[in-house]
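Written below as structure tokens is the structure these notes are about.
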Amino acid sequence: MNFYLILFVFLFTSKILHGQPIILQENSRHESTQFIPFYEDKDVHFSLEKVMVLPDSAYKNIQATNFNLGFSKSAFWFKIQLKNQSNFDDWLLAFTYPPLDSISVYYQDLNKNWQIKHLGDHFPFSSRQIPYHEHLFALPLPDSALHTFYVRICSETTLLIPISVVRSTDFFIKETSTELINISLFSILSVIAIYYLAMYFFTYDWAYVYCMTMIFGNAMNLFSLTGLLQRYFLGDNVWLCNNIVIISGTFSIFGAILFLNEFLELRKYGKLFLAIKTVLLLIVAIILFFIFAGKYGLAVKILNISIFINLIYCLYSSIFCLRKKDVKARYILLAFLLPLLGGLVSGLKVFGILPANLFTTYALNIGLSFQIISIAIAFADRQILLKKQKESAEKQILESKENAIRELDAKVKERTTEIEIQKEEIEMQRDILAEKSDILKEKNDKLMDSIRYAQSIQQTILPKVSVFDQNFIDHFIIFKPKDIVSGDFYWLSNYDLIANLKEIHGRTFFALADCTGHGISGAFMTMIGFTLLNEIVIQKKLFNPAEVLEAMQVSMTSFLKNQDKEYQDVMEIGFCALERISENSVKLNFAGAKRSLICMKNNEMIIYKGSRMSIGDQKKRNFSFANEEIILQKDDSFYLFTDGFQDQNSPNGKKIGSRTIEKIISEIYHLPMSEQKQILNQTLQDHQQNLEQRDDIVFIGFKI
């Protein structure tokens, strides 16, 4: 049966009046919208009962085969009256615009009870009466009596409502060929998109990726507008079925913007094109925001507007590049000119200005098909242009190389003579440098011998471990000079050089000091410190720690009075006087000059801060030091250390810090001193890693 003959053969030769039923006979197919009256429910609150009692005057006539209302928030009710005078019972009510959101068909069953069937993108695909990508309803026409159907349509997309009454056999014969065409076109576009993606991996040219994005977006948009994407891939995903048209369109615009900017290299023409690209991409982001915010209708309108803006931008950019003598823009101009015209026609159809027909429905797709062909030619043309440019560049490089070789030969001959003269001069300078190097090595060796001798002298004056063993049950000493000799030192002396701290009333004096600088300069200061301590404690017999520090301040100030104040040498020191007052207790008097004492007494940490003045500081006058008296019991411990340990950096620039030292001591004080020393050394090594030591380090701990 010839479908086109059926399509245009109607049994009504006179004008169809408003409200007359549609007579279904043999060999007839009706594009029913031109005969069906409709009512616009602007408030979207009418029920079937209210619509059924409406007078005929409330209805309007449809004047076109394809009923197009553009965008509307109203609900539209259609009253369809049918008489089946044919021998067939396979009549369908077809709504051939797949993007419609909600279609409700009201009909009477055999018992004359009203039933409802829902169609549209707002309902799962599996709920459709006939599983097809277009919305179909099998009309229950069991006899030749008059049957009335009511249809309610509401949609946020454009209200294009082509309603037709057709036999299922005729419908599927026609739609099968249309479906094959659409599937073939989608397949071709997908293959082209995959080809461009593969080309990217061969050329690493991002223009291929962006072009692939644009073409794949076009393919998805085409397939979703026909409903085939929802039918074959999306199924019952209602949200995606309802939004895939906009998402794919947005995807296509995104790819087109980036493709144009990359292919025509618009970034080299200034910031204007960058600003326009940014605005267009922002519009794409806004569309996606409205999609996920549930503003489908607003997103559709912005998408259609942005399509025209994007195409105009593409045309302007192409013309601009052509005027700049960029020949590869000629095919890009052609690639976007036809889609602009097709998009204009399609947009006017969407807004209800042009009627919906085969041309207006597929105008944009036709333009996009020509766009793909033009882009393919543009890529080929660009490759030819790049090849010519490469050959020209290679030729220029070859000529430049030949000229350079000739110039180089001349210069080589000229420079050979100069080099021979320079060689003689260099050999003479080498001999002079070798002689000076020998002299410097000899002086350096003598200097290192002197420093090592100074090291042996410093080690000689430092108290021996045996002296500590005589006075303390358990102790440890960490002594790490930054250089060969140290600017930090420790000092120990008994009261009468015979009695020691292990005996009742035995007295011992201990000091730990940090002198300005390190290395040789610091070592000189340690000698001064040692001399002053021996003189004040042993010779002058001053035993009060505060008085000892005050005497050192006077002597140091006198000794350094002629020193430049800008480079003032000072000494930070902690001094302890210890006396055993019973078998299990020791009295400790402490005074400090910017050095503190940490005591672990009765499992509690007590920190005794030194005075805020260094020995040798000439800026502070009439400053006095204070004594701290502490009674220590058996197994109590105390610690003194210079700032070299706490100031050591890690590779990320973080210092150990005094709080970390205090925390470690509070965790290990109960252990033997040898284990405490091992833990502290390991902590320092783990923190410092491969960094150079920052300063001299002295860390000493005692247990009573």
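The values are calculated or read from the model by the stated rules, or taken from the named source; none is laboratory data. Predicted model only: the values in this text are computed from it and were never measured. Here the Cβ positions follow ideal geometry from the backbone for every residue, glycine too, while neighbour counts run over all protein chains shown. Quick note on the areas: whole protein, heavy atoms, side chains included, nothing else; ligands and nucleic acids left out. Shrake-Rupley method; radii C 1.70, N 1.55, O 1.52, S 1.80 Å.
So here's what we get for this one:
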{"item": "List VAL245, VAL465, VAL151, ordered by accessible area with a 1.4 Å probe, largest first", "result": "VAL465, VAL245, VAL151"}
{"item": "Fraction of beta bridges assigned by DSSP in the chain that are antiparallel (%, nearest 5)", "result": "95"}
{"item": "Distant-in-sequence amide H partners of ASP635 (H built 1.01 Å from N, under 5 Å)", "result": "ILE704"}
{"item": "Calculated FRET value between ASN113 and ILE181, using beta carbons and R₀ = 35 Å, to 0.05", "result": "0.25"}
{"item": "Whether segment 188-273 is rounded, prolate or oblate, judged on the alpha carbon gyration tensor where a/c under 1.5 counts as rounded", "result": "oblate"}
{"item": "Residue-averaged 222 nm ellipticity for the chain, from DSSP H runs of 4+ at -39500 (n - 2.57), nearest 500", "result": "-16500 deg cm²/dmol"}
{"item": "Centroid-to-centroid separation of segment 166-209 and segment 433-464 [C-alpha atoms, Å]", "result": "86"}
{"item": "Mean-position separation - Cα centroids, segment 612-628 and segment 648-699, in angstrom", "result": "29"}
{"item": "Size of electric dipole in segment 68-133: Cβ of Lys, Arg +1 and of Asp, Glu -1, about Cα centre, debye, nearest 20", "result": "220"}
{"item": "Restraint check, LYS271/LYS387; LYS73/LYS117; LYS328/LYS387; LYS271/LYS328; LYS609/LYS663; LYS594/LYS654, Cα-Cα greater than 19 Å", "result": "LYS271/LYS387; LYS73/LYS117; LYS271/LYS328; LYS594/LYS654"}
{"item": "Candidate values (i) 15, 40, 34, 10, 1, 0; (ii) 13, 34, 32, 18, 2; (iii) 13, 24, 11, 15, 21, 12, 2, 0, label of the one derived for P(r) over Cα pairs in 20 Å bins from 0, in percent", "result": "(iii)"}
{"item": "Three-way shape label, segment 562-704, alpha-carbon gyration tensor, a/c 1.5", "result": "oblate"}
{"item": "Amide H within-cut-off set for ASP488, under 5 Å, with H built and near neighbours excluded", "result": "CYS515"}
{"item": "Surface share of carbon and sulfur [accessible, 1.4 angstrom probe, percent] for segment 93-143", "result": "52"}
{"item": "Helical segments meeting 20 Å axial Cα length and Kyte-Doolittle 0.5 threshold in the chain (DSSP H)", "result": "168-203, 206-225, 238-263, 271-292, 296-323, 329-350, 519-533, 545-559"}
{"item": "Accessible area per residue, Å², the chain with all protein chains present, probe 1.4 Å", "result": "52"}
{"item": "Shape call, segment 148-190: gyration tensor on alpha carbons, a/c limit 1.5", "result": "oblate"}
{"item": "Above-threshold pairs, the threshold being 32 Å between Cα atoms, out of LYS268/LYS395; LYS482/LYS634; LYS441/LYS464; LYS268/LYS295", "result": "LYS482/LYS634; LYS441/LYS464; LYS268/LYS295"}
{"item": "Kirkwood-based Rg to Rh ratio, segment 468-618, C-alpha trace", "result": "0.98"}
